[in-house]
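The structure appears below as structure tokens.
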Amino acid sequence: MQKIDKQFICRQFQRAAGSYDRQAAIQQRVAGRLLTMTAEHTGPQPFRVLEIGCCTGLLTGKLLNSGIKVCSLVLNDLMPDFAERLPRKLPVDELRFLPGDIETLALPGPFNLIISSSTFHWLDDVEQTLVKLLAALHPGGLLAFSLYGPGNLPEIKELTGIGLNYHSLSEIVSMLETRCLLEEAHQEKEVFLFPTPREVLDHLRQTGVNSINRRPWTRRELQLFFQEYTKKFQIEQSVRLTYHPLYFIARRT
């Protein structure tokens with residue numbers, strides 16, 4: 001497993017920003033599922049919300065069009081440039097962009113809801129970040145998040161050895177269950193089909209998901225990858241790519 005270089009992640013997601021919303025099918029699904037789960041545990045009262053890893057605003061838009069009433073919204077992302085891609089006027093009384101690494105930032109809490117989708121697998125220390133976020137909630141406040149588990153992108157890991165150090169559902173449950181009321185913990189597998197392995201790599205590049213591979217491949221390496229990918233992961237006339245999203249709803253007691 002490679003150590004996460006967050007500046008490299010920034011550059012990769014910056015390059016992918018223009019294509020992200022068109023390509024981010026799994027991120028769209030995961031954000032929608034997370035919001036559906038979150039809404040089941042919220043009431044009609046206005047919420048002061050922190051969103052972590054807002055990126056181009058994919059989850060933000062869904063949040064503000066959900067049944068959750070947001071009166072104050074703090075949007076965080078590692079990449080400061082994403083502030084320019086967010087709508088100038090959002091239907092909230094108070095809006096603030098908080099750029100930087102959520103693991104080291106001071107948080108302007110307390111919040112009623114902290115939410116994050118498809119982001120926490122990029123953290124260096126998930127457990128300590130969860131402790132920090134729970135402390136930034138009002139008593140009774142919710143921490144709702146999704147991230148990816150050990151079954152994520154296994155095709156890429158098998159052929160290249162490249163992958164993140166993903167936490168399992170049970171590992172994250174153990175981080176949370178003694179510190180809060182764990183309302184929900186859920187996992188899914190999502191399989192996507194692409195015409196060829198080249199489209200798989202284009203998809204990963206255009207969503208920034210290739211943010212741990214620093215060395216460009218040679219032409220020969222690329223040809224071998226395409227051959228092996230087709231041989232191992234072909235389904236009829238397509239090839240597969242697997243995602244493993246995990247979902248958690250936790251309440252501060």
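The values are calculated or read from the model by the stated rules, or taken from the named source; none is laboratory data. What you see is a predicted model, and the numbers here were worked out from it, not measured in a lab. Here the Cβ positions follow ideal geometry from the backbone for every residue, glycine too, while neighbour counts run over all protein chains shown. Only protein heavy atoms, including side chains, enter the accessible area calculation; ligands, DNA and RNA are left aside. Shrake-Rupley method; radii C 1.70, N 1.55, O 1.52, S 1.80 Å.
Arrange the peptides 95-103, 140-148 so that the one whose residues have, on average, the most other Cβ atoms within 10 Å appears first. Write out the running numbers ahead of the final one.
On the way: 95-103: 15.7, 140-148: 23.4.
So the order, starting with the most tightly packed, is 140-148, 95-103.
State to the nearest 20 debye the size of the charge dipole of segment 70-192 about its Cα centre, where the only charges are +1 on K and R beta carbons and -1 on D and E beta carbons.
Result for segment 70-192 is approximately 340 debye, rounded to the nearest 20.
Can you match Rg/Rh (Cα atoms, Kirkwood Rh) to one of these, (i) 0.97; (ii) 1.02; (iii) 1.09, based on a calculation from the structure here?
This structure yields the entry labelled (i).
Once Rh is set to the Kirkwood radius over Cα pairs, what Stokes-Einstein translational diffusion coefficient, in µm²/s, holds for segment 53-150 at a temperature of 10 °C and a viscosity of 1.306 mPa s?
Numbers: Rh = 14.1 Å.
Roughly 113 µm²/s, to the nearest whole number.
So for segment 129-229, what are the equivalent ellipsoid semi-axes in whole Å, largest first, each being the square root of 5 times an eigenvalue of the Cα gyration tensor?
Working: eigenvalues 258, 37, 29 Å².
Value: 36, 14, 12 Å, ordered largest first.
If Ser72, Ser170 are ordered by their accessible area, calculated over protein heavy atoms with a 1.4 Å probe, which sequence runs from highest to lowest?
Numbers: Ser72 5, Ser170 80 Å².
Result of the area sort, largest leading: Ser170, Ser72.
Keeping all protein chains in place and using 1.4 angstrom, which order do Cys71, Cys54 fall into by accessible surface area, from largest down?
Details: Cys71 40, Cys54 5 Å².
In descending accessible area the options line up as Cys71, Cys54.
Hey, rough spin-label estimate for Lys232 and Ser174, points 7 angstrom out along Cα→Cβ, what's it come to in nanometres?
Going from the Lys232 label point to the Ser174 one covers 2.8 nm.
Run the dipole for segment 166-246 about the Cα centre, Lys and Arg Cβ at +1, Asp and Glu Cβ at -1, nothing else charged, and hand back the magnitude in debye, nearest 20. Intermediate results must be reported in sequence, preceding the final value.
Working: 11 positive and 11 negative charges, 140 e Å.
Taking the Cα centre of segment 166-246 as origin, the dipole is about 680 debye.
Skipping prolines and chain starts, which residues have an amide H placed within reach, meaning under 5 Å, of the one on Leu95, given they are 5 or more residues away or on another chain?
Under 5 Å from the amide H of Leu95 lie the amide H atoms of Leu73, each far enough along the sequence or on another chain.
Suppose every K and R has +1 on its Cβ and every D and E has -1 on its Cβ; what is the size of the dipole of the chain about the Cα centre, in Debye to the nearest 20?
Numbers: 29 positive and 27 negative charges, 116 e Å.
The calculation lands at about 560 debye.
What's the extension gain from Val131 to His186 if we count 0.36 nm per residue and subtract their Cα-Cα distance?
The Val131-His186 span can extend by a further 17.8 nm.
Going highest first, how would you order 180-189, 61-70, 217-226 by mean Cβ packing within 10 Å? Before the final figure, lay out the partial values.
Working: 180-189: 15.3, 61-70: 17.0, 217-226: 12.1.
Taking the mean over residues of other Cβ atoms within 10 Å, the ranking is 61-70, 180-189, 217-226.
Using the basic label-point model (7 angstrom from Cα toward the beta carbon), what is the Thr104 to His41 distance in nanometres?
3.0 nm
In the chain, with Lys and Arg counted as +1 and Asp and Glu as -1 at Cβ, which of these residues, Val126, Ser238, Ile114, has the Cα nearest the positive end of the dipole, that is, farthest along it?
Ser238
Show that you can apply the helix-only estimate: for the chain, add -39,500 (n - 2.57) for every DSSP H stretch of four or more residues, divide by all residues, and state [θ] at 222 nm to the nearest 500. Don't jump to the answer; show the numbers that get you there.
Working: 8 runs with 90 residues, N = 253.
Only helices count here, giving -11000 deg cm²/dmol.
Just for the chain, what percent of DSSP beta bridges are antiparallel, to the closest 5?
Values: 20 of 41 bridges.
Taking every DSSP beta bridge with both residues in the chain, the antiparallel ones total about 50 percent.
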